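Engineer: Once you've had a glance at the structure underneath, I'll fire off some questions.
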Amino acid sequence: MLDYFYLGLYHALRFLVKISPKCVLKGFLKSLASAFYHLDKKHTNIMRVNLKMCFTTLKDDEIERLIKKNYYNFALFGAEFLLNQNTTKEQILSKISFENEELFNSVLSQNRPIIVQTAHYGNWELFSLAMAASYGAVSIIGRALDSAKMNEILSANRTRFDIELIEKKSAVKQALKALNNRRLLGILVDQNTAKNEGLECEFFSHKIMHTHAASVFASKSGAIIIPAFIERNESKDDSFKIVFYEPIDMQVLSQNHSKEEALRLATQAQSDATAAQISKKPDEYFWMHKKFKCFYENNYA
């Protein structure tokens, strides 16, 4: 029954989002964001802790403005998710521009497997659609939605763009197969991990545990890792920019370092690229998870 409740809620919200004038929709989303800021004390506190650890020079009122804008951006993300269901490749690409695309084209020209490392940043759901529409088959490591009905809707939309979801719990074999078949492999690598599931790295000068999955897959497959993120174009409504960062080549790192050190350096480079993107527009990052939990759990108390 719960599945059908989610399905009904999805269709109702999608209908409302589609018929609402932009000014009305934005007003509603701002009110929704304000309500969550005041009522969701748990996540507001998590966001406050994360931002204060990353941006030590910001004043308290600046931190609070960032949190409010972050809630609004997440509300926008939800509305855009509803609107982007059943869109065509042409409609998706009409919203997208690219920055530093020559870096990605240089990697493509090498005809090696490619891992696209990204984060819960900007409209990351649109990011996978845009990459598939632009460059072909994409496989994503993640987890299915808890609602089977909602997962069917999401899967149907992704399938039209040749996007494959690889379950996180049993990803190794499928991920390596995807890379061998020259599908782009997308991995979100910004969540906190347990100490036995990642490597110690730095993020905004603080210790974190960072998943080394992308580094391991690159080591096993000969893939090049390229960090990339999608950000909102503030100057133009409903448009986005995909930004590419310097590729990370495990083969080059392995020539000059031990296997363990090469894995650490590749993983740290991913953390650095994520931090660099967040520094540009921190309001677009998903600050609601306990990024520093492994080493600074008491900060969230």
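Engineer: I'm told residue 298 meets every condition in (1) out of contact with any Lys or Arg (no Cβ under 7 Å at 6 or more places or on another chain); (2) open to solvent by 20 Å² or more (accessible area, probe 1.4 Å); (3) farther than 22 Å from residue 46 by Cβ except one. Can you identify the failing condition by its number?
Structural biologist: Answer for residue 298: the failing condition is (3).
Engineer: Of the numbered conditions (1) closer than 19 Å to residue 216 by Cα; (2) touching a residue at least 12 places away in the same chain (Cβ under 8 Å), residue 255 satisfies every one except a single condition; which is it?
Structural biologist: So the condition that residue 255 fails would be (2).
Engineer: Among strands (runs of 3 or more DSSP E) lying entirely in region 127-245, which contain 1 or more residues that are farther than 26 Å from residue 98 by Cα and within 15 Å of the chain's Cα centre (by Cα)? Even if it seems obvious, please write down each step before you answer.
Structural biologist: Details: elements: 138-142, 163-167, 184-188, 199-203, 206-210, 224-232, 240-244.
Those strands (runs of 3 or more DSSP E) span 206-210.
Engineer: What number of residues within region 194-217 are touching a Ser or Thr at 6+ places or on another chain (Cβ under 6 Å), open to solvent by 20 Å² or more (accessible area, probe 1.4 Å) and not aliphatic (A, V, I, L, M)? It would help to see each step written out before you state the result.
Structural biologist: To start, the set of residues in region 194-217 that are touching a Ser or Thr at 6+ places or on another chain (Cβ under 6 Å) comprises 198-199, 201, 203, 209-212, 215.
If we keep only those that are open to solvent by 20 Å² or more (accessible area, probe 1.4 Å) as well, we get 199, 211-212.
Next, only the ones that are not aliphatic (A, V, I, L, M) stay: 211-212.
Here the count works out to 2.
Engineer: If only one of 267, 274 is touching an Asp or Glu at 6+ places or on another chain (Cβ under 6 Å), closer than 14 Å to residue 118 by Cα, assigned to a helix (DSSP H, G or I) and modelled with pLDDT of 95 or more, which one is it?
Structural biologist: Values: 267 fails: touching an Asp or Glu at 6+ places or on another chain (Cβ under 6 Å).
274 is the lone residue from the list that is touching an Asp or Glu at 6+ places or on another chain (Cβ under 6 Å), closer than 14 Å to residue 118 by Cα, assigned to a helix (DSSP H, G or I) and modelled with pLDDT of 95 or more.
Engineer: With touching a Gly at 6+ places or on another chain (Cβ under 9 Å), open to solvent by 60 Å² or more (accessible area, probe 1.4 Å) and either closer than 20 Å to residue 126 by Cβ or of a type outside the set (Phe, Trp, Tyr) (or both) as the only criterion, which of 182, 160 stands out?
Structural biologist: Selected residue: 182, the only one of 182, 160 that is touching a Gly at 6+ places or on another chain (Cβ under 9 Å), open to solvent by 60 Å² or more (accessible area, probe 1.4 Å) and either closer than 20 Å to residue 126 by Cβ or of a type outside the set (Phe, Trp, Tyr) (or both).
Engineer: (1) closer than 28 Å to residue 109 by Cβ; (2) at pLDDT 90 or above; (3) surrounded by 15 or more Cβ atoms within 10 Å (Cβ to Cβ): which one isn't true of residue 220, the others all being true?
Structural biologist: (3)
Engineer: Checking residue 31 against (1) among the polar types (S, T, N, Q); (2) in a helix (DSSP H, G or I); (3) closer than 23 Å to residue 293 by Cα, which single condition isn't satisfied?
Structural biologist: Just one mismatch for residue 31, condition (3).
Engineer: Could you grab the pairs with beta carbons closer than 8 Å, sequence gap of 6+ or different chains, first residue in region 194-212 and in contact (Cβ under 8 Å) with a residue 40 or more places away in the chain and more than 15 Å from residue 56 (Cα to Cα), second one basic (Lys, Arg) and crowded, with 22+ Cβ neighbours inside 10 Å?
Structural biologist: Partner pairs satisfying both residue conditions: 208/291.
Engineer: For region 46-62, name all the residues that are touching a residue at least 40 places away in the same chain (Cβ under 8 Å) and of a type in the set (A, V, I, L, M). Show your work before the answer.
Structural biologist: Here is the first cut: in region 46-62, the residues touching a residue at least 40 places away in the same chain (Cβ under 8 Å) are 46-47, 49-51, 53-55.
Within region 46-62, 46, 47, 49, 51, 53 meet the criteria.
Engineer: Just one of 112, 65 is open to solvent by less than 50 Å² (accessible area, probe 1.4 Å), basic (Lys, Arg) and either in a helix (DSSP H, G or I) or in contact (Cβ under 8 Å) with a residue 40 or more places away in the chain (or both); which is it? Don't jump to the end; show me each part of the working.
Structural biologist: Numbers: 65 fails: open to solvent by less than 50 Å² (accessible area, probe 1.4 Å).
The match here is 112.
The values are calculated or read from the model by the stated rules, or taken from the named source; none is laboratory data. Being a predicted model, the structure only gives us computed values, none of them experimental. Note: ideal-geometry Cβ built from the backbone for every residue, glycine included; neighbour counts use all protein chains shown. Keep in mind that these areas ignore ligands, DNA and RNA; they rest on the heavy atoms of the full protein, side chains included. Shrake-Rupley method; radii C 1.70, N 1.55, O 1.52, S 1.80 Å.
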